[in-house]
There are 2 protein chains.
Amino acid sequence: MSTPDTTLPDTGPSDTKAALSRRGLLGLAGAGVAGLALGGGAGALTTAAALSGASGSSNRYPFHGAHQAGIVTPSQDRLHFAAFDMSSTATRADLISLLSDWTAAAARLTQGSTIGDGAVDGELLAPPDDTGEALGLPPSGLTITFGFGPTLFRDAAGTDRFGIAARTPPLLRELPHFRGDLLVAAASGGDLCVQACADDPQVAVHAIRNLSRIAFGRAALRWSQLGFGRTSSTSTAQTTPRNLFGFKDGTANIKAEETAAVDDDVWVSASDGPAWLAGGSYLVARKIRMVIENWDHTQLGEQQRVIGRDKGEGAPLSGGTEFTEPDFHARRADGSTKIDAQSHVRLAHPDFNKGTRLLRRGYNFVDGNDELGRLNAGLFFISFQRSPEQFIRVQHNLADDAMNEYIKHVGSAIFAVPPGARAGQSIGATLFA
Amino acid sequence: MSTPDTTLPDTGPSDTKAALSRRGLLGLAGAGVAGLALGGGAGALTTAAALSGASGSSNRYPFHGAHQAGIVTPSQDRLHFAAFDMSSTATRADLISLLSDWTAAAARLTQGSTIGDGAVDGELLAPPDDTGEALGLPPSGLTITFGFGPTLFRDAAGTDRFGIAARTPPLLRELPHFRGDLLVAAASGGDLCVQACADDPQVAVHAIRNLSRIAFGRAALRWSQLGFGRTSSTSTAQTTPRNLFGFKDGTANIKAEETAAVDDDVWVSASDGPAWLAGGSYLVARKIRMVIENWDHTQLGEQQRVIGRDKGEGAPLSGGTEFTEPDFHARRADGSTKIDAQSHVRLAHPDFNKGTRLLRRGYNFVDGNDELGRLNAGLFFISFQRSPEQFIRVQHNLADDAMNEYIKHVGSAIFAVPPGARAGQSIGATLFA
């Protein structure tokens with residue numbers, strides 16, 4: 001499990017000039033406030049901290065490592081997820097240089113530094129290296145996680161654009177059609193993905209924006225999604241959050257502290273193949289629109305039957321508290337099972353999926369409203385797993401989920417997530433080695 | 001200036017049953033974590049707090065008062081703004097009952113309580129009173145601010161649907177067309193507005209969702225907007241945030257501590273008329289799309305010329321630091337003014353607008369991306385002013401703003417914001433008195 005690094009950022013041996021770090025600027029801003037406070041009464045600085053409205057934090061996670069950050073990292077509360085397509089003229093060299101440039105940028109951004117060391121005080125006759133909107137904000141626990149879609153290896157026409165088709169992970173295929181899928185092409189697929197998670201949405205947006213800018217001419221945004229409330233815990237140190245059905249979500253999620261489960265169910269092992277993906281994972285993203293107006297008019301008993309848990313505590317309907325294991329055999333006096341056979345908790349449970357578990361890392365979203373005045377809201381589901389078969393098995397099993405009356409899947413994508421980069425190495429280095 | 005209330009919530013004399021407060025549930029959740037921590041090593045609770053990823057806070061602002069909260073309240077960092085239209089069958093009684101129900105709900109939500117006192121542990125055969133996704137979250141500084149659009153008083157056909165046309169504020173008219181307006185009807189106008197601001201977006205979204213649900217059959221969402229980063233400070237205790245151009249925004253904004261300016265420029269006085277609006281204000285909302293890709297390719301010198309300030313510090317180009325007054329007469333050796341005549345800081349400055357000032361309270365937004373891979377991003381501008389003429393004057397003066405090359409106004413709305421409700425009174429009570 002990654003824990004925040006409390007040492008000074010390692011900006012790498014190439015940074016000989018003084019970097020204008022976001023953290024550094026924050027210090028200056030704080031000093032400015034302190035100056036004002038002297039004129040405004042004692043204690044104003046404390047007040048400033050309490051009232052600042054900023055959600056950023058000093059959490060900081062190492063970028064380099066055996067695995068990419070942003071998977072078993074304790075789930076931050078904000079997301080900007082982006083899928084990119086390579087441009088029609090991009091070459092293998094362009095892809096390699098893009099990954100190299102993205103790696104260098106991500107290593108800086110996650111440590112609270114700006115893109116480039118000139119930042120915004122550089123050459124007046126050139127655009128600034130960094131777009132600037134995160135200046136003054138702390139690192140905010142930013143993680144940036146990269147993935148490769150099936151079309152990167154072989155496009156829809158079957159063309160091996162980048163000379164990597166022979167290295168395609170055999171399991172990296174477009175997901176099958178699932179019952180109830182109503183997928184929108186504009187919210188699905190992609191050659192590459194970037195998942196930016198942070199405690200402050202401005203920091204996550206800044207990362208995607210600058211990576212998109214760096215990609216100019218080589219790759220462009222295909223779709224992107226903001227999420228505002230994590231819907232899973234990935235650490236036992238976190239409380240279980242609630243999704244927009246109002247229920248706790250992710251109670252039984254794989255937690256970083258379950259190291260055996262993480263090894264068994266999340267990381268691709270060397271024996272799984274291909275060798276370049278060892279230490280990586282597979283990411284599945286599903287944009288799930290919730291029909292929340294219908295849900296909100298549904299009686300509490302029916303909501304709880306659909307989920308299989310009670311709404312307040314999150315305990316299984318068989319009894320106990322949130323973390324009590326569901327008893328799918330417990331029956332009422334009339335002989336019916338306390339947990340409905342079509343409930344979500346039952347159909348998603350490992351007992352009914354040959355022991356399958358996923359590491360979920362999804363987010364709530366609201367994208368305004370539709371023309372009928374209904375909030376365009378739901379769950380942006382993200383899961384990480386050692387094999388796509390894990391997601392596929394569970395999702396097929398959810399075909400009879402009572403919850404399906406209240407949701408529709410409108411976006412879908414799958415990516416192979418390469419292992420972490422060692423210092424001096426680029427993300428994806430093992431693929432091109 | 002409102003300051004957070006540290007006393008127990010006043011849930012009103014009608015709440016004789018024990019209310020299931022969000023704060024109360026948080027306490028339970030915290031206790032659960034502490035229990036886990038005992039098994040996981042000392043200090044885990046501290047870790048839980050540091051890594052929770054939650055941005056919510058215990059800030060809590062009184063709902064009742066002479067003015068509505070959410071105007072001079074220190075700007076929280078997250079927004080969900082919603083415009084509603086009354087339903088075609090709604091009567092005057094429906095409007096009055098809606099405002100009464102909204103007032104009761106807002107008084108509870110802002111104090112960290114749920115809708116209704118049964119919350120999610122109530123009658124199994126009825127839908128829960130509260131949708132539930134904010135259970136366990138602290139009050140998070142939530143403010144809810146209501147406004148009345150011109151069409152509430154007289155609709156597009158000129159009909160006085162609710163018997164209030166005679167009480168229309170003479171200044172409450174649709175805004176004139178401004179040069180460069182490219183307004184989309186689906187993001188403009190509205191009979192009513194609700195501005196929900198909080199430190200946690202899930203708390204703001206929860207408020208709009210539940211108010212929308214309460215409105216069912218009487219009013220429906222016309223459009224809504226999420227914002228994630230405040231772009232103005234409304235208190236001297238706050239640092240100046242940055243907009244998506246990467247520049248500090250709102251340096252010269254009216255601050256709550258400038259009580260004379262607030263009285264002169266923000267609150268409608270009894271002598272302004274109409275009497276029912278005394279203590280209220282006018283809210284202007286403008287959705288401003290930024291063409292950020294063009295901006296990001298613009299050289300730093302040009303960016304700074306457009307804004308009239310430097311990017312790092314935010315100081316006027318005439319010199320000094322962020323809070324130094326711009327000197328529009330300062331010249332370079334070649335005779336040109338250091339601050340360009342078309343710069344935003346000059347054209348928006350009170351010196352060039354007959355002394356006009358606004359209280360700005362806008363937010364950054366990113367609504368995914370367009371089909372060309374450009375982020376659909378910008379500034380959701382909100383200003384409060386004693387008279388709409390203040391906004392109109394400044395906006396007309398910005399017709400020659402050099403910034404116009406990089407922005408387009410796509411949404412627009414204006415609302416009369418009634419005064420605050422006294423305890424036991426509804427928002428808008430003075431209008432119907």
When you check A:Gly141 against the structure, is it within 26 Å of A:Arg230 (Cα to Cα) and out of contact with any Lys or Arg (no Cβ under 9 Å at 6 or more places or on another chain), yes or no? no
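Rundown of residues vs (1) open to solvent by 10 Å² or more (accessible area, probe 1.4 Å); (2) among the β-branched types (Val, Ile, Thr), yes/no style:
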{"residue": "A:Ser212", "(1), (2)": "yes, no"}
{"residue": "A:Ala215", "(1), (2)": "no, no"}
{"residue": "A:Thr231", "(1), (2)": "no, yes"}
{"residue": "A:Pro241", "(1), (2)": "yes, no"}
{"residue": "A:Lys248", "(1), (2)": "yes, no"}
Go through segment B:268-286 and give me each residue that's crowded, with 24+ Cβ neighbours inside 10 Å and not β-branched (Val, Ile, Thr). B:Leu277, B:Gly280, B:Ser281, B:Tyr282, B:Leu283, B:Ala285, B:Arg286
Name the single residue, out of those in segment B:62-92 being crowded, with 23+ Cβ neighbours inside 10 Å and of a type in the set (Ser, Thr, Tyr), that is farthest from the chain's Cα centre (by Cα). B:Thr73
Some residue of segment B:85-92 being closer than 22 Å to B:Gln238 by Cβ and at pLDDT 95 or above: no
Out of the residues in segment B:287-299 that are of a type outside the set (Val, Ile, Thr) and out of contact with any Ser or Thr (no Cβ under 9 Å at 6 or more places or on another chain), which is least open to solvent (accessible area, probe 1.4 Å)? B:Met290
Evaluate the following for A:Gly136: is it at pLDDT below 95 and open to solvent by 10 Å² or more (accessible area, probe 1.4 Å)? yes
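Here is a list: A:Ala54, A:Ala37. Which entry is open to solvent by 10 Å² or more (accessible area, probe 1.4 Å), at pLDDT below 95 and closer than 14 Å to A:Gly141 by Cα?
A:Ala54
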Pairs, please: C-beta under 8 Å, at least 6 apart or cross-chain, first residue more than 7 Å from chain B (Cβ to nearest Cβ) and in contact (Cβ under 8 Å) with a residue 12 or more places away in the chain and in segment A:201-212, second part of a helix (DSSP H, G or I) and open to solvent by less than 10 Å² (accessible area, probe 1.4 Å)? A:His206/A:Leu109; A:Ala207/A:Ala106; A:Ala207/A:Leu109; A:Asn210/A:Ala105; A:Asn210/A:Leu109; A:Leu211/A:Trp102; A:Leu211/A:Ala105; A:Leu211/A:Ala106
Can you spot a residue in segment A:281-297 that is among the polar types (S, T, N, Q) and either more than 30 Å from A:Pro150 (Cα to Cα) or within 14 Å of chain B (Cβ to nearest Cβ) (or both)? yes
Where residues in segment B:392-433 are in a helix (DSSP H, G or I) and of a type in the set (Ser, Thr, Tyr), which of them is most open to solvent (accessible area, probe 1.4 Å)? B:Thr430
Could you run through segment B:223-236 and say how many residues are in contact with a Leu (Cβ under 9 Å, 6 or more places away or on another chain) and either modelled with pLDDT of 95 or more or facing chain A (nearest Cβ under 9 Å) (or both)? 9
Of all residues in segment B:306-337 being surrounded by fewer than 18 Cβ atoms within 10 Å (Cβ to Cβ) and among the basic types (Lys, Arg), which is farthest from B:Ala252 (Cα to Cα)? B:Arg332
Return the residues of segment A:93-122 that are open to solvent by 10 Å² or more (accessible area, probe 1.4 Å), more than 7 Å from chain B (Cβ to nearest Cβ) and in a loop (DSSP other than H, G, I, E, B); say none if nothing qualifies. A:Gln111, A:Ile115, A:Gly116, A:Asp117, A:Gly118
Would you point out which residue out of B:Asp181, B:Asp155, B:Asp160, B:Asp191 is within 14 Å of another protein chain (Cβ to nearest Cβ) and acidic (Asp, Glu)? B:Asp191
Here the qualifying pairs (Cβ atoms under 7 Å; residues six or more apart or on different chains; first in segment A:61-75 and closer than 12 Å to A:Phe146 by Cβ; second of a type in the set (A, V, I, L, M) and part of a loop (DSSP other than H, G, I, E, B)) come out as A:Phe63/A:Ala69; A:Ile71/A:Val266
List the pairs whose first member sits in segment B:297-315 and is acidic (Asp, Glu), whose second member is open to solvent by 40 Å² or more (accessible area, probe 1.4 Å), and whose Cβ atoms are under 7 Å apart, counting only residues at least 6 apart or on separate chains? B:Asp310/B:Leu317; B:Glu313/B:Thr321
Residues satisfying the stated conditions in segment B:347-374, i.e. under 18 Å from B:Phe245 (Cα atoms), open to solvent by less than 20 Å² (accessible area, probe 1.4 Å) and assigned to a strand (DSSP E or B): B:Tyr363, B:Asn364, B:Phe365, B:Val366, B:Gly368
Could you list all residues from segment A:250-266 that are crowded, with 21+ Cβ neighbours inside 10 Å and not basic (Lys, Arg)? A:Gly250, A:Asn253, A:Ile254, A:Ala256, A:Val262, A:Asp265, A:Val266
Segment B:119-167, residues that are under 30 Å from A:Gly250 (Cα atoms) and without any contact (Cβ under 8 Å) to a residue 24 or more places away in the chain: B:Gly122, B:Glu123, B:Leu124, B:Leu125, B:Ala126, B:Pro127, B:Pro128, B:Asp129, B:Gly132
Listed by first then second residue, the pairs whose first member lies in segment B:379-408 and is in contact (Cβ under 8 Å) with a residue 40 or more places away in the chain and of a type outside the set (A, V, I, L, M, F, W, C), whose partner is open to solvent by 20 Å² or more (accessible area, probe 1.4 Å) and assigned to a strand (DSSP E or B), with beta carbons under 7 Å and at least 6 positions apart or on separate chains, are B:Ser383/B:Arg360; B:Lys408/B:Arg289
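One line per residue, one yes/no per condition, for (1) buried (at least 20 other Cβ atoms within 10 Å of the Cβ); (2) out of contact with any Leu (no Cβ under 8 Å at 6 or more places or on another chain); (3) farther than 30 Å from A:Asp400 by Cβ:
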{"residue": "A:Thr145", "(1), (2), (3)": "yes, no, yes"}
{"residue": "A:Phe148", "(1), (2), (3)": "yes, no, yes"}
{"residue": "A:Ala156", "(1), (2), (3)": "no, yes, yes"}
{"residue": "A:Gly180", "(1), (2), (3)": "no, yes, no"}
Would you pick out the residues in segment B:139-157 that are touching a Ser or Thr at 6+ places or on another chain (Cβ under 7 Å) and assigned to a strand (DSSP E or B)? B:Thr143, B:Ile144
Conditions (1) in contact with a helix residue (DSSP H, G or I) (Cβ under 8 Å, 6 or more places away or on another chain); (2) open to solvent by 10 Å² or more (accessible area, probe 1.4 Å): number failed by A:Ala377: (2)
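The values are calculated or read from the model by the stated rules, or taken from the named source; none is laboratory data. Fair warning: this is a prediction, and the values are worked out from it, not measured in the lab. Backbone-built Cβ (ideal geometry, glycine too); neighbour counts: all protein chains shown. These area figures cover heavy atoms from the full protein model, side chains too; ligands, DNA and RNA do not enter into them. Shrake-Rupley method; radii C 1.70, N 1.55, O 1.52, S 1.80 Å.
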